Amino acid sequence: MENILYAILVLGVMGAVFGAVLAFAAKVFHVEQDPRIAEVRSALAGANCGGCGFPGCDAYAQAVVLEGAAPNLCSPGGSKSAEKICEIMCLDNSAEAKYVAFVPCSGSSEKAKKLFEYEGPADCLAAMRFGNKGPKLCQFSCIGLGNCVNACMFGAMNIVNGVAEVDREKCVACMACAEACPKGIIKKVPYEQKVLVGCRSTDKGAAKRKVCDASCIACMKCQRECPHEAIVVENNIAVIDYDKCTGCGTCAKVCPRSIIHPQKIYVQD
Amino acid sequence: MLASVISISIGAILINNFIFSKFLGCCPFLGCSTKVDTAVGMGIAVTFVMGLASAICYVVDGLLRNLGLEYMNTLAFILVIAVLVQLVEMFLKKSIPSLYNALGIYLPLITTNCAVLGVVLLNVQYKYNFIESVTYGITGGLGFMLAIVLFASVRERVQFAEYPESFEGFPIALVTAGLLALAFMGFSGMKLG
(Lines give C-alpha, C1' and ligand atoms only; values in the text may rest on other atoms or scores of the structure.)
Protein backbone atom coordinates (compact mmCIF):
# COMPACT_ATOMS: atom_id res chain seq x y z
CA MET A 1 0.00 0.00 0.00
CA GLU A 2 2.77 2.35 1.01
CA ASN A 3 4.56 1.54 -2.23
CA ILE A 4 1.58 2.52 -4.35
CA LEU A 5 1.11 5.75 -2.43
CA TYR A 6 4.77 6.53 -2.83
CA ALA A 7 4.67 5.90 -6.58
CA ILE A 8 1.56 8.00 -7.03
CA LEU A 9 3.04 10.79 -4.98
CA VAL A 10 6.40 10.86 -6.74
CA LEU A 11 5.02 10.69 -10.25
CA GLY A 12 2.27 13.14 -9.37
CA VAL A 13 4.83 15.62 -8.09
CA MET A 14 6.98 15.03 -11.18
CA GLY A 15 4.00 15.66 -13.45
CA ALA A 16 3.06 18.81 -11.55
CA VAL A 17 6.61 20.15 -11.68
CA PHE A 18 6.94 19.44 -15.40
CA GLY A 19 3.54 20.98 -16.00
CA ALA A 20 4.57 24.12 -14.15
CA VAL A 21 7.82 24.26 -16.14
CA LEU A 22 5.90 23.97 -19.39
CA ALA A 23 3.36 26.58 -18.37
CA PHE A 24 6.16 28.93 -17.43
CA ALA A 25 8.02 28.18 -20.69
CA ALA A 26 4.86 28.82 -22.70
CA LYS A 27 4.73 32.30 -21.17
CA VAL A 28 8.42 32.99 -21.72
CA PHE A 29 8.54 31.65 -25.26
CA HIS A 30 5.16 33.01 -26.29
CA VAL A 31 5.11 34.06 -29.94
CA GLU A 32 2.57 36.55 -31.23
CA GLN A 33 0.80 35.30 -34.33
CA ASP A 34 -1.95 36.38 -36.65
CA PRO A 35 -5.28 35.68 -34.84
CA ARG A 36 -6.73 34.52 -38.15
CA ILE A 37 -4.45 31.45 -38.05
CA ALA A 38 -6.31 30.16 -35.00
CA GLU A 39 -9.66 30.93 -36.66
CA VAL A 40 -8.72 29.09 -39.85
CA ARG A 41 -7.36 26.23 -37.77
CA SER A 42 -10.70 25.82 -36.01
CA ALA A 43 -12.52 25.83 -39.36
CA LEU A 44 -10.56 22.78 -40.52
CA ALA A 45 -11.60 19.22 -39.83
CA GLY A 46 -8.61 18.67 -37.57
CA ALA A 47 -7.87 15.15 -38.77
CA ASN A 48 -4.17 15.95 -39.35
CA CYS A 49 -4.42 13.72 -42.39
CA GLY A 50 -1.94 15.66 -44.53
CA GLY A 51 -4.26 15.39 -47.53
CA CYS A 52 -3.83 19.10 -48.24
CA GLY A 53 -0.14 18.62 -48.90
CA PHE A 54 0.94 20.41 -45.75
CA PRO A 55 2.28 18.62 -42.67
CA GLY A 56 -0.80 18.80 -40.47
CA CYS A 57 -3.71 21.17 -39.92
CA ASP A 58 -1.64 23.81 -38.11
CA ALA A 59 0.79 24.10 -40.99
CA TYR A 60 -2.06 24.36 -43.49
CA ALA A 61 -3.84 27.05 -41.47
CA GLN A 62 -0.62 28.99 -41.34
CA ALA A 63 -0.06 28.58 -45.07
CA VAL A 64 -3.58 29.83 -45.80
CA VAL A 65 -3.10 32.98 -43.78
CA LEU A 66 0.54 33.78 -44.44
CA GLU A 67 1.28 32.32 -47.86
CA GLY A 68 -2.14 32.53 -49.45
CA ALA A 69 -2.61 28.79 -49.92
CA ALA A 70 -5.86 27.71 -51.56
CA PRO A 71 -8.79 27.59 -49.09
CA ASN A 72 -10.30 24.39 -50.47
CA LEU A 73 -7.57 21.84 -49.78
CA CYS A 74 -9.07 20.32 -46.63
CA SER A 75 -10.71 17.11 -47.86
CA PRO A 76 -12.26 15.94 -44.57
CA GLY A 77 -13.67 19.40 -43.94
CA GLY A 78 -15.07 19.54 -47.47
CA SER A 79 -17.04 22.49 -48.71
CA LYS A 80 -17.98 23.58 -45.18
CA SER A 81 -14.35 24.21 -44.24
CA ALA A 82 -13.68 25.90 -47.56
CA GLU A 83 -16.62 28.27 -47.07
CA LYS A 84 -15.60 29.13 -43.53
CA ILE A 85 -12.03 29.79 -44.57
CA CYS A 86 -13.29 31.98 -47.39
CA GLU A 87 -15.32 33.94 -44.86
CA ILE A 88 -12.24 34.47 -42.75
CA MET A 89 -9.80 35.04 -45.59
CA CYS A 90 -11.34 35.66 -48.97
CA LEU A 91 -13.44 38.75 -48.39
CA ASP A 92 -10.78 40.99 -49.78
CA ASN A 93 -9.26 38.80 -52.46
CA SER A 94 -12.30 37.66 -54.40
CA ALA A 95 -10.97 39.60 -57.38
CA GLU A 96 -8.24 37.03 -57.94
CA ALA A 97 -8.35 35.07 -61.18
CA LYS A 98 -10.77 32.19 -60.88
CA TYR A 99 -10.20 28.83 -62.48
CA VAL A 100 -12.52 25.95 -63.12
CA ALA A 101 -12.10 22.36 -64.20
CA PHE A 102 -13.07 21.44 -67.75
CA VAL A 103 -13.62 18.07 -69.39
CA PRO A 104 -12.42 18.38 -73.00
CA CYS A 105 -14.57 15.62 -74.43
CA SER A 106 -17.86 15.92 -76.28
CA GLY A 107 -18.21 12.22 -77.03
CA SER A 108 -21.64 11.69 -75.53
CA SER A 109 -23.34 8.30 -75.71
CA GLU A 110 -24.88 9.07 -79.12
CA LYS A 111 -21.82 10.65 -80.69
CA ALA A 112 -18.93 8.45 -79.62
CA LYS A 113 -18.68 5.05 -81.30
CA LYS A 114 -18.38 2.16 -78.93
CA LEU A 115 -16.18 -0.91 -78.98
CA PHE A 116 -18.52 -2.78 -76.63
CA GLU A 117 -21.31 -2.22 -74.13
CA TYR A 118 -19.92 -2.09 -70.62
CA GLU A 119 -22.08 -3.50 -67.86
CA GLY A 120 -19.59 -3.92 -65.03
CA PRO A 121 -19.28 -1.86 -61.85
CA ALA A 122 -19.71 1.89 -62.34
CA ASP A 123 -16.04 2.74 -62.09
CA CYS A 124 -13.91 4.22 -64.84
CA LEU A 125 -10.83 2.31 -63.72
CA ALA A 126 -12.70 -0.98 -63.89
CA ALA A 127 -13.91 -0.14 -67.40
CA MET A 128 -10.35 0.79 -68.39
CA ARG A 129 -9.34 -2.82 -67.78
CA PHE A 130 -10.99 -3.73 -71.07
CA GLY A 131 -8.87 -2.80 -74.04
CA ASN A 132 -7.01 -0.27 -71.90
CA LYS A 133 -9.33 2.54 -72.98
CA GLY A 134 -12.83 1.63 -71.89
CA PRO A 135 -15.97 1.09 -73.94
CA LYS A 136 -15.60 4.10 -76.25
CA LEU A 137 -13.31 3.68 -79.23
CA CYS A 138 -11.47 6.97 -78.77
CA GLN A 139 -8.59 6.59 -76.34
CA PHE A 140 -8.95 10.20 -75.18
CA SER A 141 -12.66 9.91 -74.46
CA CYS A 142 -14.40 10.44 -71.15
CA ILE A 143 -15.53 7.00 -69.99
CA GLY A 144 -18.42 8.61 -68.17
CA LEU A 145 -18.72 6.27 -65.21
CA GLY A 146 -18.17 9.03 -62.70
CA ASN A 147 -14.88 8.58 -60.85
CA CYS A 148 -14.61 12.36 -61.00
CA VAL A 149 -18.15 12.75 -59.64
CA ASN A 150 -17.19 10.67 -56.62
CA ALA A 151 -13.95 12.60 -56.16
CA CYS A 152 -15.60 16.03 -56.26
CA MET A 153 -16.26 17.35 -52.77
CA PHE A 154 -18.31 20.28 -53.99
CA GLY A 155 -20.94 18.48 -56.03
CA ALA A 156 -19.72 20.19 -59.16
CA MET A 157 -19.32 17.14 -61.41
CA ASN A 158 -22.21 15.47 -63.21
CA ILE A 159 -22.40 12.81 -65.87
CA VAL A 160 -24.57 14.10 -68.69
CA ASN A 161 -25.19 11.75 -71.59
CA GLY A 162 -22.15 9.65 -70.82
CA VAL A 163 -19.72 12.53 -70.49
CA ALA A 164 -18.62 14.31 -67.31
CA GLU A 165 -19.64 17.94 -67.08
CA VAL A 166 -18.43 20.58 -64.67
CA ASP A 167 -20.84 22.92 -62.90
CA ARG A 168 -18.76 26.04 -63.29
CA GLU A 169 -20.46 27.86 -60.46
CA LYS A 170 -19.80 25.14 -57.91
CA CYS A 171 -16.30 24.24 -59.11
CA VAL A 172 -13.42 25.58 -57.01
CA ALA A 173 -10.67 24.20 -59.25
CA CYS A 174 -9.24 21.90 -56.59
CA MET A 175 -8.66 19.42 -59.45
CA ALA A 176 -9.52 16.39 -57.33
CA CYS A 177 -11.46 15.23 -60.39
CA ALA A 178 -8.38 15.43 -62.59
CA GLU A 179 -6.51 13.21 -60.17
CA ALA A 180 -9.35 10.72 -60.05
CA CYS A 181 -9.70 10.55 -63.85
CA PRO A 182 -7.86 7.44 -65.09
CA LYS A 183 -7.50 9.00 -68.52
CA GLY A 184 -6.17 12.24 -67.05
CA ILE A 185 -8.14 14.37 -69.49
CA ILE A 186 -9.59 16.97 -67.11
CA LYS A 187 -7.92 20.35 -67.43
CA LYS A 188 -7.86 23.55 -65.43
CA VAL A 189 -9.08 26.54 -67.44
CA PRO A 190 -9.68 30.21 -66.58
CA TYR A 191 -13.29 30.83 -65.53
CA GLU A 192 -13.42 33.90 -67.74
CA GLN A 193 -12.48 31.97 -70.89
CA LYS A 194 -15.56 32.22 -73.10
CA VAL A 195 -14.94 29.40 -75.59
CA LEU A 196 -13.33 26.01 -74.96
CA VAL A 197 -12.41 23.14 -77.28
CA GLY A 198 -14.36 20.04 -76.32
CA CYS A 199 -11.93 17.47 -77.66
CA ARG A 200 -8.37 16.57 -76.85
CA SER A 201 -7.59 13.63 -79.07
CA THR A 202 -4.27 13.98 -80.89
CA ASP A 203 -5.04 11.16 -83.31
CA LYS A 204 -5.12 11.92 -87.03
CA GLY A 205 -8.27 13.70 -88.24
CA ALA A 206 -9.51 10.79 -90.32
CA ALA A 207 -9.03 8.33 -87.50
CA LYS A 208 -10.95 10.59 -85.14
CA ARG A 209 -13.80 10.98 -87.61
CA LYS A 210 -14.23 7.21 -87.53
CA VAL A 211 -14.39 6.83 -83.76
CA CYS A 212 -16.45 9.85 -82.72
CA ASP A 213 -18.94 12.24 -84.27
CA ALA A 214 -17.93 14.99 -81.87
CA SER A 215 -14.21 15.12 -82.52
CA CYS A 216 -11.87 17.81 -83.75
CA ILE A 217 -10.90 16.69 -87.23
CA ALA A 218 -8.15 19.30 -87.52
CA CYS A 219 -9.82 20.99 -90.50
CA MET A 220 -8.09 24.28 -89.60
CA LYS A 221 -11.29 26.25 -90.18
CA CYS A 222 -11.15 27.86 -86.74
CA GLN A 223 -7.50 28.75 -87.21
CA ARG A 224 -8.22 30.49 -90.50
CA GLU A 225 -11.33 32.31 -89.35
CA CYS A 226 -10.12 33.53 -85.95
CA PRO A 227 -9.68 37.31 -86.23
CA HIS A 228 -7.18 37.35 -83.34
CA GLU A 229 -4.94 34.42 -84.28
CA ALA A 230 -5.83 32.95 -80.93
CA ILE A 231 -6.61 29.42 -82.05
CA VAL A 232 -4.06 27.10 -83.63
CA VAL A 233 -4.26 23.48 -84.71
CA GLU A 234 -1.34 21.64 -83.13
CA ASN A 235 -0.90 17.87 -83.12
CA ASN A 236 -4.24 17.45 -84.92
CA ILE A 237 -6.17 19.35 -82.28
CA ALA A 238 -7.34 22.96 -82.01
CA VAL A 239 -5.73 24.79 -79.11
CA ILE A 240 -6.87 28.19 -77.86
CA ASP A 241 -4.35 30.71 -76.59
CA TYR A 242 -6.28 32.09 -73.61
CA ASP A 243 -4.23 35.29 -73.53
CA LYS A 244 -5.05 36.22 -77.12
CA CYS A 245 -8.65 35.00 -77.17
CA THR A 246 -11.25 37.74 -76.84
CA GLY A 247 -14.19 35.37 -76.73
CA CYS A 248 -15.76 36.63 -79.96
CA GLY A 249 -17.07 33.14 -80.68
CA THR A 250 -16.15 33.02 -84.38
CA CYS A 251 -14.47 29.64 -83.99
CA ALA A 252 -17.53 28.19 -82.30
CA LYS A 253 -19.70 29.32 -85.23
CA VAL A 254 -17.45 27.96 -87.98
CA CYS A 255 -16.59 24.62 -86.40
CA PRO A 256 -18.25 21.99 -88.61
CA ARG A 257 -18.28 19.50 -85.75
CA SER A 258 -19.68 21.96 -83.17
CA ILE A 259 -17.13 21.02 -80.57
CA ILE A 260 -15.96 24.49 -79.63
CA HIS A 261 -18.32 25.29 -76.81
CA PRO A 262 -19.28 28.80 -75.72
CA GLN A 263 -19.31 28.94 -71.89
CA LYS A 264 -21.84 30.60 -69.65
CA ILE A 265 -20.11 33.19 -67.55
CA TYR A 266 -21.80 35.04 -64.73
CA VAL A 267 -19.90 38.23 -64.09
CA GLN A 268 -20.06 39.40 -60.50
CA ASP A 269 -20.83 43.05 -59.99
CA MET B 1 36.97 6.69 -19.72
CA LEU B 2 37.96 7.97 -23.16
CA ALA B 3 38.22 4.42 -24.43
CA SER B 4 34.71 3.56 -23.30
CA VAL B 5 33.33 6.79 -24.83
CA ILE B 6 34.95 5.93 -28.18
CA SER B 7 33.77 2.34 -28.14
CA ILE B 8 30.23 3.43 -27.23
CA SER B 9 30.24 6.00 -30.03
CA ILE B 10 31.37 3.66 -32.77
CA GLY B 11 29.10 0.96 -31.45
CA ALA B 12 26.05 3.23 -31.47
CA ILE B 13 26.72 4.74 -34.88
CA LEU B 14 27.83 1.71 -36.88
CA ILE B 15 27.81 -1.65 -35.17
CA ASN B 16 24.58 -1.48 -33.18
CA ASN B 17 22.87 1.19 -35.23
CA PHE B 18 19.51 2.01 -33.67
CA ILE B 19 17.56 1.49 -36.85
CA PHE B 20 19.40 -1.30 -38.58
CA SER B 21 20.24 -3.59 -35.70
CA LYS B 22 17.91 -2.54 -32.88
CA PHE B 23 14.92 -1.71 -35.11
CA LEU B 24 14.06 1.34 -33.04
CA GLY B 25 12.76 4.51 -34.66
CA CYS B 26 11.64 2.79 -37.84
CA CYS B 27 8.52 4.96 -38.11
CA PRO B 28 10.23 8.30 -38.77
CA PHE B 29 12.89 6.40 -40.71
CA LEU B 30 10.27 5.41 -43.25
CA GLY B 31 8.06 8.45 -42.83
CA CYS B 32 10.44 11.40 -43.14
CA SER B 33 12.92 10.05 -45.63
CA THR B 34 11.57 11.19 -48.97
CA LYS B 35 13.83 14.22 -49.10
CA VAL B 36 17.41 14.56 -47.87
CA ASP B 37 16.74 18.03 -46.40
CA THR B 38 13.97 16.92 -44.09
CA ALA B 39 15.93 13.79 -43.23
CA VAL B 40 18.86 15.92 -42.07
CA GLY B 41 16.51 18.13 -40.02
CA MET B 42 14.86 15.12 -38.45
CA GLY B 43 18.27 13.60 -37.68
CA ILE B 44 19.49 16.76 -35.95
CA ALA B 45 16.30 17.12 -33.91
CA VAL B 46 16.37 13.47 -32.82
CA THR B 47 20.06 13.66 -31.93
CA PHE B 48 19.40 16.74 -29.81
CA VAL B 49 16.43 15.23 -27.99
CA MET B 50 18.20 11.88 -27.46
CA GLY B 51 21.24 13.58 -25.95
CA LEU B 52 19.20 15.79 -23.66
CA ALA B 53 16.82 12.99 -22.69
CA SER B 54 19.76 10.75 -21.78
CA ALA B 55 21.14 13.43 -19.45
CA ILE B 56 17.87 14.24 -17.71
CA CYS B 57 16.69 10.65 -17.52
CA TYR B 58 19.98 9.69 -15.86
CA VAL B 59 19.16 12.14 -13.08
CA VAL B 60 15.52 11.02 -12.89
CA ASP B 61 16.57 7.39 -12.77
CA GLY B 62 18.94 8.12 -9.89
CA LEU B 63 16.09 9.82 -8.05
CA LEU B 64 13.70 6.92 -8.60
CA ARG B 65 16.40 4.43 -7.56
CA ASN B 66 16.89 6.27 -4.25
CA LEU B 67 13.18 6.03 -3.57
CA GLY B 68 13.06 2.35 -4.57
CA LEU B 69 10.77 3.10 -7.47
CA GLU B 70 13.01 2.03 -10.36
CA TYR B 71 10.21 -0.15 -11.75
CA MET B 72 8.41 3.07 -12.62
CA ASN B 73 11.23 4.31 -14.81
CA THR B 74 9.56 3.71 -18.19
CA LEU B 75 6.60 5.86 -17.17
CA ALA B 76 8.81 8.60 -15.78
CA PHE B 77 11.01 8.58 -18.90
CA ILE B 78 8.02 9.00 -21.19
CA LEU B 79 7.00 11.99 -19.11
CA VAL B 80 10.48 13.48 -19.35
CA ILE B 81 10.69 12.97 -23.10
CA ALA B 82 7.27 14.51 -23.71
CA VAL B 83 8.13 17.57 -21.63
CA LEU B 84 11.51 17.86 -23.31
CA VAL B 85 10.11 17.77 -26.81
CA GLN B 86 7.51 20.37 -25.89
CA LEU B 87 10.21 22.60 -24.42
CA VAL B 88 12.46 22.21 -27.45
CA GLU B 89 9.51 23.04 -29.70
CA MET B 90 8.65 26.21 -27.77
CA PHE B 91 12.26 27.26 -27.65
CA LEU B 92 12.79 26.75 -31.38
CA LYS B 93 9.56 28.52 -32.25
CA LYS B 94 10.71 31.58 -30.34
CA SER B 95 14.41 31.69 -31.11
CA ILE B 96 15.08 29.80 -34.38
CA PRO B 97 11.80 30.00 -36.34
CA SER B 98 13.52 28.95 -39.56
CA LEU B 99 14.60 25.61 -38.10
CA TYR B 100 11.18 25.28 -36.44
CA ASN B 101 9.48 25.66 -39.81
CA ALA B 102 11.88 23.29 -41.53
CA LEU B 103 11.17 20.56 -39.00
CA GLY B 104 7.41 21.16 -39.04
CA ILE B 105 5.33 18.26 -37.79
CA TYR B 106 8.37 16.03 -37.26
CA LEU B 107 9.36 17.96 -34.17
CA PRO B 108 6.36 17.01 -31.97
CA LEU B 109 6.46 13.53 -33.49
CA ILE B 110 9.82 12.91 -31.82
CA THR B 111 7.80 12.36 -28.64
CA THR B 112 6.63 9.06 -30.06
CA ASN B 113 9.99 8.09 -31.56
CA CYS B 114 10.84 4.81 -29.85
CA ALA B 115 14.57 5.35 -30.41
CA VAL B 116 14.44 8.12 -27.78
CA LEU B 117 12.72 5.96 -25.18
CA GLY B 118 14.95 3.09 -26.27
CA VAL B 119 18.16 4.94 -25.61
CA VAL B 120 17.20 6.00 -22.07
CA LEU B 121 16.02 2.50 -21.16
CA LEU B 122 19.19 0.96 -22.63
CA ASN B 123 21.27 3.42 -20.60
CA VAL B 124 19.68 1.95 -17.46
CA GLN B 125 20.03 -1.62 -18.70
CA TYR B 126 23.75 -1.20 -19.57
CA LYS B 127 24.33 0.64 -16.26
CA TYR B 128 26.10 3.53 -17.98
CA ASN B 129 27.34 6.47 -15.91
CA PHE B 130 26.37 10.06 -16.71
CA ILE B 131 29.00 10.74 -19.39
CA GLU B 132 28.52 7.35 -21.02
CA SER B 133 24.74 7.89 -21.03
CA VAL B 134 24.99 11.26 -22.75
CA THR B 135 27.53 9.85 -25.23
CA TYR B 136 25.27 6.94 -26.01
CA GLY B 137 22.33 9.30 -26.46
CA ILE B 138 24.11 11.67 -28.82
CA THR B 139 25.89 9.02 -30.86
CA GLY B 140 22.74 6.92 -31.03
CA GLY B 141 21.08 9.99 -32.53
CA LEU B 142 23.97 10.43 -34.95
CA GLY B 143 23.58 6.79 -35.98
CA PHE B 144 19.89 7.44 -36.59
CA MET B 145 20.80 10.49 -38.64
CA LEU B 146 23.36 8.55 -40.69
CA ALA B 147 20.80 5.88 -41.44
CA ILE B 148 17.95 8.22 -42.35
CA VAL B 149 20.14 10.50 -44.52
CA LEU B 150 21.63 7.52 -46.38
CA PHE B 151 18.17 6.08 -46.86
CA ALA B 152 16.70 9.39 -48.05
CA SER B 153 19.46 9.90 -50.60
CA VAL B 154 18.95 6.38 -51.94
CA ARG B 155 15.18 6.99 -52.11
CA GLU B 156 15.70 10.21 -54.06
CA ARG B 157 17.63 8.22 -56.65
CA VAL B 158 15.22 5.30 -56.70
CA GLN B 159 12.54 7.70 -57.95
CA PHE B 160 14.34 7.81 -61.27
CA ALA B 161 15.15 4.12 -61.43
CA GLU B 162 13.19 1.57 -63.38
CA TYR B 163 11.41 -1.03 -61.32
CA PRO B 164 8.20 -3.03 -61.73
CA GLU B 165 5.14 -0.81 -61.41
CA SER B 166 3.72 -2.89 -58.59
CA PHE B 167 6.66 -1.80 -56.42
CA GLU B 168 5.73 1.86 -56.81
CA GLY B 169 5.94 3.88 -53.58
CA PHE B 170 6.20 2.10 -50.27
CA PRO B 171 7.19 -1.42 -51.39
CA ILE B 172 10.35 -0.22 -53.14
CA ALA B 173 11.18 1.87 -50.04
CA LEU B 174 10.95 -1.23 -47.86
CA VAL B 175 13.16 -3.18 -50.27
CA THR B 176 15.66 -0.31 -50.15
CA ALA B 177 15.56 -0.28 -46.36
CA GLY B 178 16.17 -4.00 -46.29
CA LEU B 179 19.21 -3.73 -48.56
CA LEU B 180 20.62 -0.90 -46.45
CA ALA B 181 20.12 -2.96 -43.29
CA LEU B 182 21.95 -5.84 -44.97
CA ALA B 183 24.86 -3.50 -45.74
CA PHE B 184 24.99 -2.49 -42.08
CA MET B 185 25.01 -6.18 -41.12
CA GLY B 186 28.61 -6.08 -42.30
CA PHE B 187 29.51 -4.22 -39.12
CA SER B 188 27.86 -6.74 -36.80
CA GLY B 189 30.03 -8.69 -34.41
CA MET B 190 32.89 -6.19 -34.58
CA LYS B 191 34.59 -5.60 -31.23
CA LEU B 192 36.76 -2.68 -30.22
CA GLY B 193 39.72 -2.95 -27.87
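Just a few scattered comments:
- Residues that are open to solvent by 50 Å² or more (accessible area, probe 1.4 Å) and more than 11 Å from every other protein chain (Cβ to nearest Cβ) within the stretch A:38-51 comprise A:38, A:39, A:41, A:42, A:45, A:47, A:49, A:51, listed in sequence order.
- Residue check: residue A:189 meets all listed conditions (1) outside any loop (DSSP other than H, G, I, E, B); (2) open to solvent by 30 Å² or more (accessible area, probe 1.4 Å) but one, namely (2).
- Condition met for residue A:133 (of a type in the set (D, E, K, R), more than 27 Å from residue A:57 (Cβ to Cβ) and not assigned by TED's automatic domain parsing to the domain that holds residue A:238): yes
- Test for residue A:35: is it away from chain B (no Cβ under 12 Å) and open to solvent by 50 Å² or more (accessible area, probe 1.4 Å): yes
- Filter result for residue A:67 (modelled with pLDDT of 80 or more and over 10 Å from residue A:44 (Cβ atoms)): yes
- Residue match in the stretch A:46-58 (condition: within 19 Å of residue B:97 (Cβ to Cβ) and of a type in the set (Asp, Glu)): yes
Quick grid of which residues meet (1) open to solvent by 50 Å² or more (accessible area, probe 1.4 Å); (2) within 11 Å of chain A (Cβ to nearest Cβ):
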position: B:76; (1), (2): no, yes
position: B:79; (1), (2): yes, yes
position: B:99; (1), (2): yes, no
position: B:107; (1), (2): no, yes
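- Within the stretch A:7-32, the residues that satisfy the criterion of being in a helix (DSSP H, G or I) and open to solvent by 70 Å² or more (accessible area, probe 1.4 Å) are A:8, A:9, A:13, A:17, A:24, A:27, A:28.
- Only one of the listed residues (A:119, A:165, A:179) is open to solvent by 40 Å² or more (accessible area, probe 1.4 Å) and either assigned by TED's automatic domain parsing to the domain that holds residue A:81 or within 23 Å of residue A:253 (Cα to Cα) (or both). That residue is A:165.
- Among the residues of the stretch A:57-82, the ones that are among the polar types (S, T, N, Q), away from chain B (no Cβ under 14 Å) and not in a loop (DSSP other than H, G, I, E, B) come to 2 in all.
- Residue A:173 on the phi > 0 side of the Ramachandran plot and under 26 Å from the mean Cα position of the chain (by Cα): yes
- Counted residues, the stretch B:59-74 - those being of a type outside the set (A, V, I, L, M, F, W, C), within 15 Å of residue A:8 (Cα to Cα) and open to solvent by less than 90 Å² (accessible area, probe 1.4 Å): 4
- Filter pass, residue A:54 being touching a helix residue (DSSP H, G or I) at 6+ places or on another chain (Cβ under 7 Å), within 11 Å of chain B (Cβ to nearest Cβ), at pLDDT 85 or above and surrounded by 14 or more Cβ atoms within 10 Å (Cβ to Cβ): no
- Entry remark, the stretch B:31-74: residues being within 12 Å of chain A (Cβ to nearest Cβ) and either of a type in the set (Phe, Trp, Tyr) or on the phi > 0 side of the Ramachandran plot (or both) number 2 in total.
- Filtered by the rule that a residue be open to solvent by less than 10 Å² (accessible area, probe 1.4 Å) and more than 15 Å from residue B:112 (Cα to Cα), the stretch B:20-50 gives B:33, B:39.
The values are calculated or read from the model by the stated rules, or taken from the named source; none is laboratory data. The structure presented is a predicted model; accordingly, all values stated were derived computationally and were not measured. Note: ideal-geometry Cβ built from the backbone for every residue, glycine included; neighbour counts use all protein chains shown. Keep in mind that these areas ignore ligands, DNA and RNA; they rest on the heavy atoms of the full protein, side chains included. Shrake-Rupley method; radii C 1.70, N 1.55, O 1.52, S 1.80 Å.
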